Each structure stands twice: as C-alpha cells, then as structure tokens.
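J.: First the structure, which I've put down as structure tokens, then a few questions once you've had a look.
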Amino acid sequence: MSSLLKPLVESFKTPELRNKIIFTLGILIVFRLFAHVPIPGVDVAKLAQLFKSNQFLGLLDIFSGGTLVNFSVMALGLNPYINASIILQLLTMVFPKLEELSKEGEYGRQKINQYTRMITVPLSVLQSIGMYALLRNQGIIANFSPLPLITLVTTMMAGTLILMWLGELITERGVGNGISLLIFAGIVGRLPVSLSQTATTVTSQSITNMLVFVLLALVVIAAIVVVNEAVRQIHIQYAKRIRGNRMYGGNTSYLPLRINQAGVIPIIFAVSLVLLPQIIGQFLAQTKNQQLIAIGSGLTRFFNPNGITYNIFYFLLVVGFTYFYTAVTFNPQKIADEIQKYGGFIPGIRPGKSTATYLQFILNRLTLAGAIFLGIIAILPSIARQVTGINTLLLGGTGVLIVVSVVLETVKALEAQLVMRNYDGFL
C-alpha cells in the first residue's frame, strides 16, 4: 500500500504534478455531476430492476461509468467510443495503410484518434436508437413522437461526445489515461450504493459470509496485480559489429512477453456472445407459435446466468477470444524479423523462422495461463454468489480487473513523471 501512496505524496510536492492531479479530480467531479442529470420520461425504478436481471446491461453500465442505470444525459457513456476503438484496432490489422499510419508517431496517433471520433458518432446514434427500443419494449420509457425521439437521440449522442472530450482533456492535461479514469470513477462511484444495500440486508448469520466475501475480494485483487505485472523475459543477444575503428553491438536486452496480453477485451467479446442465446430465447418466448415458445423457453433455461452450462460456455468463450485477440495484436514473425534486422538473436535459436517458431511456442504457453485467469475472472460473480449468498454486492471480476489495472497504470504514470524530474532517491 505504501508503494502505491508514495508516488501520490511525492507528486503533491511538485507544483506541476499537483496541478495535473487537481485538474484530473476536477474533471472527475464534473463527470459525476453529469451522471446524475436524468433524461425525462424514464421509470428509473423499473430500469434498475432491468439492470439487476440482465448481466449484459450491467457490463454496459460499467463501461458507461455508471450513467446508464440512471439514464442520465450521458447514458451511453463511453460505450460507442470503446466500440469504435476496438473496430479501428481490428481494421488496423486488416488494412496495411492503417497499419502504416499507426507507426507514424504522433501524427499517426492523432489521425487514428480522429478516425475513432468519427466512427463514434454513428455508433452513438445507433446505440441510442437501440436503447430506446429496448426500454420501450420493457415499458420503462413512454412512446415518443418523432421530435422528442430525435431530441433523445441527440442528447445521448452529445453526452457521449462530451464525455469523450473530458477523457481526452484528462489525457492531455491531467494524469493517466482519461478514458480509463472515467470508467474507474464510474465503477467506484457505484460502490457506496452497493455497500449501503448490503448493510441493510446483513444479519448475524450472514456476517461470516461477508467475511468470506472480503477475503475472496482481497485474494482476487492480489491475483490481478500479480498477473498484470507478470512478464516472461526473452533474452536477446546482439552481435558485435566493427565500423571503422569502433566496435558496435555486443550488448544484451530482453523481450518482455506479458501473461495477460489481451487485457479485458476478451471478456467484452465473450459476454456479448454468451448472452445472445438468452436474448433470442426471450424473443421467441413472446411469439404465438408454441414450438418457438418451447425453443425460447429451453434456451432461456439452458443459458441461465446462474447455471453451470452458461458459466462453462462463458469460460470457454473467454479462453477462445483471448487466443484470438493475442494472435491479432502480437505477430511473432514480425518480431523475429525486427530482431534479425538489428543484428539480434535468441541464444540457442537461429534467427528468422526458428525465432518466430520459438516465440510462438512461448506465447501459446503464456496465453493459456492468461486465458484461464481471465476465464476465472469472468465467471467470478457466479462463484461469489454461490459461496457467500450475497447478491447485493457482487464481486464483479471485470470491474475489479478494470479498477486494479487503472490504479497500476496511473501509479506508473506518476512514477514516470517523477523520474523525469530527477527524483533520484524515490525509486
């Protein structure tokens, strides 16, 4: 704990870093104020019940920063921006021109961000219309005429763009990644509500379960820290070269391969697919055909979020998407070519194809460990519910993973700023 607080204490001694931290806190306060400005015409009580019964909407609420459950002017949150970022990242792997643009330094980064903002606008419009249709079918929102509907969609789109702008302000003038910090603030902002609900339901018999829950939470946080920081270092040796009267090269370095290469992205992809059978089942159950109703009831019962089948399917999807996303973002052949280009080699491994094969072998083993870890994190809420019996304060594995990752990332950003200012004795 002291290693996490020390960078913050040291940062406040530097006027520039202190101003950045205060600016970041100010933006987060503005965000939380916007999160409580509701859109009229919505039954908030029914909306809260819908989110409790739908895990997918609960995950969307995490990435909206807690604004969706209140249906505020920022109800969509950062979901369209995150989706646009994922789409553009996948397109970068497909189209060579986008890949070249991403390697052009600051100019390329700015162009990629511009394209991301452009894709965010139509995605926010589509998600606004989809959210309106969902809430209308559930009887949570009144039937709007065209003009109020256009106003609703425009307001939700504007809220997303404002939130995206606030996140970029934090990135440019504050500390850490603005988008991640806004999601972090939304998750932490909902914690007092969950704690108060849990406190009202705690009895003498459930105190033991609460202690088990707290112990489980501490174990999960420690495991996430260990896995996020764990890397496999591949030794790289560079050959000696003589130019004129000078000798170059001959030094050694390490290629770090993280156990969790994919982050939280596989869970986002998997939860979208694992809930699809249940959505289809609910749709078929509302039809008039008896056979379709039977199929829909079977799908709903078979893919019950509390059932074993659902969690096994969810776990396997997370493992599969972890391998897929790692394969998309990490190319062993390209890394091997770069090592060979600069005269490097892995001791005992021939440069070129043999190096790529060796890196792929190591990556497959690391990805297996990371995939199993992410799969356990994904199904952790169901495990916690069965072990402790506490439903009001679920141990959301995805939320915990995001919170811990953002804290570690922000602390590293502060440490980097301190090192740049020659705090020799700090580290």
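J.: For the range 72-140, what's the radius of gyration and Dmax over Cα atoms, in angstrom?
T.: Computed over the Cα atoms of the range 72-140, radius of gyration and Dmax are 15.3, 50 Å.
J.: Also, I was wondering about something else. Rank these by accessible area, largest first, 1.4 Å probe: Ile86, Ile207.
T.: Ile207, Ile86
J.: Which whole-Hz ³J(HN,Hα) couplings does the range 97-105 yield from phi under the Karplus relation 6.51 cos²θ - 1.76 cosθ + 1.60, θ = phi - 60°, glycine and proline marked x?
T.: Rounded to whole hertz, the list is 5, 5, 5, 5, 5, 5, 9, 8, x.
J.: Cut-off under 18 Å on the C-alpha distance; same-chain residues fewer than 8 positions from Lys97 excluded. Which aspartates and glutamates are left, in chain and number order?
T.: Hits, sequence-local ones excluded: Glu106.
J.: Amide H of Leu257 versus every other amide H placed in the peptide plane: which residues, excluding those fewer than 5 positions away on the same chain, fall under 5 Å?
T.: The answer is Arg232, Gln233, Ile234.
J.: Specify the inter-centroid distance of the range 297-326 and the range 141-178, based on alpha-carbon positions, in whole Å.
T.: 32
J.: Which ³J(HN,Hα) values in Hz, rounded to whole numbers, follow from the phi angles of the range 169-174 under the Karplus curve 6.51 cos²θ - 1.76 cosθ + 1.60, where θ = phi - 60° and Gly and Pro get x?
T.: 4, 5, 4, 7, 10, x
J.: Compute the signed sum of charges (Lys and Arg +1, Asp and Glu -1) over the other residues within less than 12 Å, Cβ to Cβ, of Leu257.
T.: On the way: positive: Arg232, Arg258, Arg365; negative: none.
Here the count lands on +3.
J.: Using heavy-atom solvent-accessible surface (probe 1.4 Å) with all chains present, what is the largest-first order of Ser145, Ser124, Ser180?
T.: Ser145, Ser180, Ser124
The values are calculated or read from the model by the stated rules, or taken from the named source; none is laboratory data. It should be emphasised that the depicted structure is a prediction, and the values quoted were computed from it without experimental measurement. Counting neighbours? That spans all protein chains shown, and the Cβs are built from the backbone with ideal geometry, glycine included. Remember, those area values only see protein heavy atoms, side chains included, never the ligands or the DNA or RNA. Shrake-Rupley method; radii C 1.70, N 1.55, O 1.52, S 1.80 Å.
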